[in-house]
Structures are given as structure tokens and as C-alpha cells.
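Participant: Here it is: the structure, laid out below.
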């Protein structure tokens with residue numbers, strides 16, 4: 001009877017050890033990767049030249065700025081620098097490998113927009129009466145409408161609209177009859193890039 005009791009105790013101990021070993025294996029999280037900069041779904045009016053990330057539990061990281069055609073690598077833990085962002089939409093990808101097999105199995109994406117170009121102002125027309133003027137112009141992207149004007153080159157007066165359009169029209173009233181006015185047209189896009197024409 002005593003021997004059978006000892007066998008039962010051994011079986012219970014072995015079962016407990018197996019359970020503990022299984023819990024240790026299951027709790028291994030693998031690589032954890034996060035992109036810090038640039039921020040996903042953000043608009044930038046500057047050239048984004050680096051990608052900052054945090055990573056733990058990884059053996060290596062690589063980055064792609066063009067769907068895997070050109071992959072960049074760096075020392076684990078170092079940020080990717082001297083990267084070139086494109087005008088418009090950018091889609092960058094970072095991979096990390098959670099094992100030393102070379103298989104990159106953890107993926108993070110960041111999508112952002114870069115706009116550093118000012119609106120191009122064209123097709124300017126001016127219609128005048130004795131005391132008013134209507135100034136029309138177009139831009140190659142949505143932008144607001146502003147005119148500075150005056151009797152001297154330093155201007156001094158301003159008329160503007162907080163619109164966002166490609167077809168602009170600003171009315172100026174209260175002008176002096178038979179006088180020469182100077183004016184400057186400015187249109188700024190949502191990224192605060194401004195184009196102007198004098």
C-alpha cells in the first residue's frame with residue numbers, strides 16, 4: 001500500500017511540473033514592435049527623413065519605403081535615418097523577427113501625407129468699377145483667398161476669405177476713383193504652404 005501511494009505522489013509531481021513548463025512556454029510574447037515617428041495618418045508640411053521605433057524581443061528589424069522593392073536595415077534599436085519621404089501619400093513598413101531564423105514575422109505600418117508645395121496661382125483677372133474691384137484667380141490645389149492692396153507698394157489693406165477652393169474671387173470695395181492701386185494675391189493650403197503673386 002505504501003509503494004502505491006508513493007507512485008501516486010510521483011504522478012502528481014510530474015503532472016505539476018509539466019503544467020508549469022507549459023505555462024512558461026505559452027507566456028513568451030515574441031517580438032513587440034511600435035512605430036513612434038512618423039505618426040500614423042498624420043499630415044506633415046516638412047520632409048520626413050527618419051523613422052523612430054521601439055522594439056523588444058526581436059533579433060533584427062528591416063524597413064521598406066516602397067513595398068519591399070528597397071529594404072533598409074539598421075542595427076537593432078537604432079532608428080532609420082536619412083530616409084526620403086515623397087510628396088503626397090507615404091506608406092512605410094517595418095518588420096521585426098522574433099526568432100533568429102531570419103523570418104520577419106512582426107509587421108507594423110505607418111501611412112502619412114507630406115505636402116511642402118505651395119499652391120500655384122494662375123489665370124488672374126481683375127474687373128473694376130469706379131470704387132470696386134473683383135480679383136479672380138485659380139490654384140492647382142484647394143487653398144484660401146487673400147488680397148493685400150494699397151496706394152503704395154507697401155500695400156496696407158487686406159481682404160480675405162477663409163475658403164478652401166481652386167477658383168478664387170475676392171471683392172474689394174471703397175476704392176478711390178481714378179487712383180492706381182497695388183495688390184498682392186496669397187493662397188495658402190491646409191498645410192500652411194502659401195503661394196503669392198504681386
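Participant: Give the stretch 110-139 a look and list any residue that's more than 30 Å from residue 178 (Cβ to Cβ) and exposed (fewer than 15 other Cβ atoms within 10 Å of the Cβ), or say none.
Facilitator: Answer for the stretch 110-139, where residues must be more than 30 Å from residue 178 (Cβ to Cβ) and exposed (fewer than 15 other Cβ atoms within 10 Å of the Cβ): 111, 116, 120.
Participant: Here's a follow-up. Can you spot a residue in the stretch 178-187 that is surrounded by fewer than 12 Cβ atoms within 10 Å (Cβ to Cβ), touching a residue at least 24 places away in the same chain (Cβ under 8 Å) and touching a strand residue (DSSP E or B) at 6+ places or on another chain (Cβ under 9 Å)? Steps first, answer last, please.
Facilitator: Filtering the stretch 178-187 down to residues surrounded by fewer than 12 Cβ atoms within 10 Å (Cβ to Cβ) leaves 178-180.
From the residues that got through so far, the ones that are touching a residue at least 24 places away in the same chain (Cβ under 8 Å) too are 178-180.
Going one step further and asking which of them are touching a strand residue (DSSP E or B) at 6+ places or on another chain (Cβ under 9 Å), we end up with none.
Scanning the stretch 178-187 turns up no residue that is surrounded by fewer than 12 Cβ atoms within 10 Å (Cβ to Cβ), touching a residue at least 24 places away in the same chain (Cβ under 8 Å) and touching a strand residue (DSSP E or B) at 6+ places or on another chain (Cβ under 9 Å).
Participant: Output yes when any residue across the stretch 127-141 is under 19 Å from the mean Cα position of the chain (by Cα) and either more than 30 Å from residue 54 (Cβ to Cβ) or without any contact (Cβ under 8 Å) to a residue 24 or more places away in the chain (or both), and no when none is.
Facilitator: Within the stretch 127-141, the subset under 19 Å from the mean Cα position of the chain (by Cα) is 141.
Now narrow it down to the ones that are either more than 30 Å from residue 54 (Cβ to Cβ) or without any contact (Cβ under 8 Å) to a residue 24 or more places away in the chain (or both): 141.
Within the stretch 127-141, one or more residues are under 19 Å from the mean Cα position of the chain (by Cα) and either more than 30 Å from residue 54 (Cβ to Cβ) or without any contact (Cβ under 8 Å) to a residue 24 or more places away in the chain (or both).
Participant: Checking the structure you have, find out if any residue of the stretch 47-58 is within 17 Å of the chain's Cα centre (by Cα), surrounded by 11 or more Cβ atoms within 10 Å (Cβ to Cβ) and either at pLDDT below 85 or on the phi > 0 side of the Ramachandran plot (or both).
Facilitator: Here is the first cut: in the stretch 47-58, the ones within 17 Å of the chain's Cα centre (by Cα) are 47-53.
Right, trim to surrounded by 11 or more Cβ atoms within 10 Å (Cβ to Cβ) and you get 47-53.
Okay, now just the ones that are also either at pLDDT below 85 or on the phi > 0 side of the Ramachandran plot (or both), so none.
No: zero hits.
Participant: Determine if the stretch 63-74 includes at least one residue that is out of contact with any strand residue (DSSP E or B) (no Cβ under 9 Å at 6 or more places or on another chain), at pLDDT below 75 and under 21 Å from residue 90 (Cα atoms). Don't jump to the end; show me each part of the working.
Facilitator: We begin by selecting, within the stretch 63-74, every residue out of contact with any strand residue (DSSP E or B) (no Cβ under 9 Å at 6 or more places or on another chain); these are 69.
With at pLDDT below 75 added as a condition, the list becomes 69.
Retained after the next criterion (residues that are under 21 Å from residue 90 (Cα atoms)): 69.
Within the stretch 63-74 (the criterion being out of contact with any strand residue (DSSP E or B) (no Cβ under 9 Å at 6 or more places or on another chain), at pLDDT below 75 and under 21 Å from residue 90 (Cα atoms)), the answer is yes, since at least one residue qualifies.
Participant: Now a separate question. Condition check: out of contact with any helix residue (DSSP H, G or I) (no Cβ under 7 Å at 6 or more places or on another chain) and under 27 Å from residue 176 (Cβ atoms). Does residue 83 satisfy that? Give the steps one after another, and end with the answer.
Facilitator: Working: out of contact with any helix residue (DSSP H, G or I) (no Cβ under 7 Å at 6 or more places or on another chain): yes; under 27 Å from residue 176 (Cβ atoms): no.
No.
Participant: Residues 84, 99: which one is surrounded by 12 or more Cβ atoms within 10 Å (Cβ to Cβ), more than 30 Å from residue 171 (Cβ to Cβ) and out of contact with any strand residue (DSSP E or B) (no Cβ under 8 Å at 6 or more places or on another chain)?
Facilitator: Result: 99 is the single residue among 84, 99 that is surrounded by 12 or more Cβ atoms within 10 Å (Cβ to Cβ), more than 30 Å from residue 171 (Cβ to Cβ) and out of contact with any strand residue (DSSP E or B) (no Cβ under 8 Å at 6 or more places or on another chain).
Participant: Let me ask another. Looking at (1) surrounded by 15 or more Cβ atoms within 10 Å (Cβ to Cβ); (2) outside any loop (DSSP other than H, G, I, E, B); (3) not assigned by TED's automatic domain parsing to the domain that holds residue 93, which is the only condition residue 162 fails?
Facilitator: Looking at each condition in turn, residue 162 falls short on (1).
The values are calculated or read from the model by the stated rules, or taken from the named source; none is laboratory data. Predicted, not measured: the structure shown is a model, and the values here were computed from it. Using ideal geometry, Cβ is built from the backbone for each residue, glycine included, and neighbour counts are taken over all protein chains shown.
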